[in-house]
Amino acid sequence: YLDAETTLSGQLLVQSRHLYGALQLAIEADDAQALSSRLLPPVPFVSVDMGRYIKLNAIWRLPTPDEQDWTSGFIGTAILNKREAQQIALDYTLRSPSRDIDLTTADSTLTLRGDGTARDIADLFSLPPSYKRQKQRQGAFRITTTAQAAALSSVDAALTLADDRFAFMGSLRPSAGGARLEGMAQVQQTQAQSLLGVAYNGNAQIIATADMISFSNLSARLGTGQLSGEGSYSGSESPANFNATILLSDFDASPFLPAFSAKNKWSKAPLEWNVLSDIKANLEVRLERLLLAGFTFDEVAGNIKWSDGVLEAAPLAVSLWGGQAVFEVQAEGGSLTPSFNLRGEYDDINGGAFFTSLYEQAIMDAPLSGVFEIGGRGTTPHDMLTDLKGNINLTAKAGQLYGAASTPLAFARALAVIDIGDGIFSTRAADISFTPKNTATEFSGKFDGVLDIASRTLKAQFEMPTQTFLFTGDIVAPAIKIESKNPEEESNQ
C-alpha cells in the first residue's frame, strides 16, 4: 500500500456507519512520505522527515460509537534506520466529540508523543548534526492541539533533547495566507548543542505564517550576556531574509576568537563561516559592556548587513577606555575563502586603562588617538593570522610613562607608526619626547620592535639616553632586561 509493505491483523466492525475495533499494524517502507501523509493528519509548522526508511509496529484502536470517551490512536515503535538501531516509541491519540477522525470539531484533541535517544529524536526533526553524539541521552517530544470555535486551535508542544528544552504554547488559526501560529516560545540550550556556540535560555512572542516568522519581546540569557530585541525571518526567498533590532549586554565574546596554545600555536582546523551564505541579514545592534579578549568595550552600536557571503558593518560607533572610536568591518565567508578587513579611527582613549587591561599595569598614562587598518585571509585561524596585513598610527598627548624607570617619567608627546605584513607587526617609527620635572630640557626615547603573531612573541627595545630596555618572549608577559649605558649598572626583571 503506497509503496509500503503492510501487514494488518485484527477485527473491524461497523455500527451506524462507524468503524470500530483494533488492528495490529506492521509497516515497512523505504520512503514513508506518501504513507504518513495519508494516515496521519498534518500538524501545521511541524516538520517531520518522513521521506525515509521506517518500520512501524503498532496497535491501532478505533472505539465503538457509543463509548463515552471516544479515543482513537495507536501505540507502537518506529525503527528509522536499517543499519542502526534508531527506535522511537510512539503514542498517537485523537479524542473527538464527533466520534470521528476529525480535527476541526470543537474540543477535538490530537496528541502525538515520542520517546527515544536524543540523537534519534533530533534526526526525526532534521535538527543540527551535533545531536548525533547524544546516543546515550534521552529525548522526547509532545504535540497537542485542541480545536476551538471559529477554526481556532490551541497548541501546546515540547521537545527535550538531553539537557536541552524547547517549548511552545499558543494558538493556530486560519488567515488569508494560510495557517497562522501565535504564542510564546521558550528555548534552553547548552553550549555543546547551541547553534550560537554558547548556552542560551530565553523566550519570545512568536507569530508564524507559511512565509514568515516574526518575534518580539525577546528576553534571553546568551552565554554571560542578556539579550533582547525583535525581528523577522522570511524563508520564502532565496536566500532567506533576516531583519532584527538587537540589544546585548555583558556578553563575553572571547570564546569566538581563535584559541592559542604554547604547544600547538594557532589552530589549523578549517574556519566555518557558512552562516554568511545561508541567509541575507540586516541587523541594528547595540552591545553594552562587551568583553572581548580581556578588553571591555563600553558600547558598540551600528548596522550590520550580510548577503552573498559578504558581511559589512559601517560605521560602528564604539565607546571604550574613556574614548571614542569608529570602525568599519568587512568579512567574507560561505563559499568564499574566509577573510576580514577592519579599519577605523580612535580618539581620547585612556592609555592607562588600555595598558592596564592588557598588562595589568598602566605602562603609559596619556590620551591616545590614531587610525588603523588590518586584514587577513585564510581557511584556518593559523593561515588567516599569519596573513595579517595593515598599519597602525598612534599619537599620545602629554602624559606619564611607568615601568621604564624607578619613578614615572613625564613626556610631552609620543608618535608611533606600525606596519603589519604576513602576521608580523614591526615599528616603522616610534619616538617619545620627555620633559623632566623642573626643567625645560627635552630628551627623546626611541622604540623599535617586532611582534610575531604566529608565535605570539615580542622582540623589542626602548632606548633612553642612559638606559636600554629589552623586551622578549610572550606578548602579554614579556621578559624585560634593562641595560645601562654605564656598563657597571645592569639589571634583569
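A quick yes/no check of all residues on (1) more than 20 Å from the chain's Cα centre (by Cα); (2) surrounded by fewer than 18 Cβ atoms within 10 Å (Cβ to Cβ); (3) touching a residue at least 60 places away in the same chain (Cβ under 8 Å):
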position	(1), (2), (3)
115	yes, no, no
123	yes, no, yes
133	no, yes, no
142	yes, yes, no
153	yes, no, no
157	yes, no, yes
186	no, yes, no
198	no, no, no
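Where in the stretch 358-475 are the strands (runs of 3 or more DSSP E), entirely inside, with at least 3 residues that are modelled with pLDDT of 85 or more?
367-377, 389-396, 409-421, 424-434
Counting only residues that are surrounded by 12 or more Cβ atoms within 10 Å (Cβ to Cβ) and at pLDDT 85 or above, which one in the stretch 13-22 is farthest from residue 76 (Cα to Cα)?
Step by step, filter the stretch 13-22, then rank; the result is 21.
Please enumerate the residues belonging to the stretch 220-246 that are hydroxyl-bearing (Ser, Thr, Tyr) and either in a strand (DSSP E or B) or in contact (Cβ under 8 Å) with a residue 24 or more places away in the chain (or both). Reasoning before the result, please.
Start the filter on the stretch 220-246 by keeping residues that are hydroxyl-bearing (Ser, Thr, Tyr), which leaves 224, 228, 232-234, 236, 238, 245.
Across the stretch 220-246, the qualifying residues are 224, 228, 232, 233, 234, 236, 245.
For residue 272, all conditions in the list (1) of a type outside the set (Val, Ile, Thr); (2) within 28 Å of residue 453 (Cβ to Cβ); (3) modelled with pLDDT of 80 or more hold save one; what is the number of the exception?
With (1) of a type outside the set (Val, Ile, Thr); (2) within 28 Å of residue 453 (Cβ to Cβ); (3) modelled with pLDDT of 80 or more applied to residue 272, the lone miss is (3).
The values are calculated or read from the model by the stated rules, or taken from the named source; none is laboratory data. What you are looking at is a predicted structure, and each value in this text was computed from that prediction instead of being measured. Every residue, glycine among them, receives a Cβ derived from its backbone with ideal geometry; neighbour counts consider all protein chains shown.
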